[in-house]
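These notes concern the structure reproduced below.
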Amino acid sequence: MLEFLRSNAGIFWQYSLAAAFQLVGVLLVVRDVRRSRQNNQLLARNLGVIWKVWNDIPEDSGPHSLEVARGDEQWATMIRPSLEIDMRVRNVRLALEQVIGHGHAQKEPNKWLVRLGPIALTLGIVLAFTASMFAVR
């Protein structure tokens, strides 16, 4: 077996296998990096939506606080900030439910493929190194 690996055909096959493993490894690693980048962009977009919803000041908090205070304007002025926060929290909760529902729709990556990329890349590098060592005569 060792003689075959030292022969020209053996070295050719080692280099061929090394290139194949490296190519598969690179493709799988790039695929995983792209998926991570897409998830990061989706998270940033969703956080932007939540931030926008939180900063939207409910315009109907004034009439609503007056309605809750049963017409007492002083009491309505005092409870308006708490009602405004309550309205913001409700809006954010609705936005979060939409974001969470959208996040669960994404497909979970296959753990074997995620691990196989770096393993194949490393195996290709090792095979290329052994082929180089066998090529030295």
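The values are calculated or read from the model by the stated rules, or taken from the named source; none is laboratory data. Since we're looking at a predicted model, the values are computed, not measured. Cβ placement follows ideal geometry from the backbone for every residue including glycine, while neighbour counts extend to all protein chains displayed. All accessible areas refer to the heavy atoms of the entire protein, side chains included, with ligands and DNA or RNA removed. Shrake-Rupley method; radii C 1.70, N 1.55, O 1.52, S 1.80 Å.
Annotations for the structure displayed:
- Accessible area expressed per residue, the chain, with surrounding protein chains retained (probe 1.4 Å, Å²): 77 Å²
- Projecting label points 7 angstrom from Cα along Cα→Cβ for LEU27 and ALA44 puts them 2.9 nm apart.
- Point-to-point label distance, ARG90-ALA9, nm (Cα→Cβ direction, 7 Å offset): 8.0 nm
- In the chain, the portion of solvent-accessible area held by carbon and sulfur atoms comes to 64 percent [1.4 Å probe, whole percent, DNA, RNA and ligands not counted].
- Within the chain, helix-based [θ] at 222 nm, where runs of 4 or more DSSP H residues each add -39,500 (n - 2.57), nearest 500: -30500 deg cm²/dmol
- Each of PHE4, PHE134 has its accessible area taken with a 1.4 Å probe; listed largest first, they run PHE4, PHE134.
- Going through (i) 7.5; (ii) 11.8; (iii) 8.7, the figure that equals mean projected area of the Cα convex hull in nm² as computed for the structure here is (ii).
- Estimated distance in nm for a label pair at THR77 and ARG115, the labels positioned 7 Å out from Cα along Cα-to-Cβ: 6.7 nm
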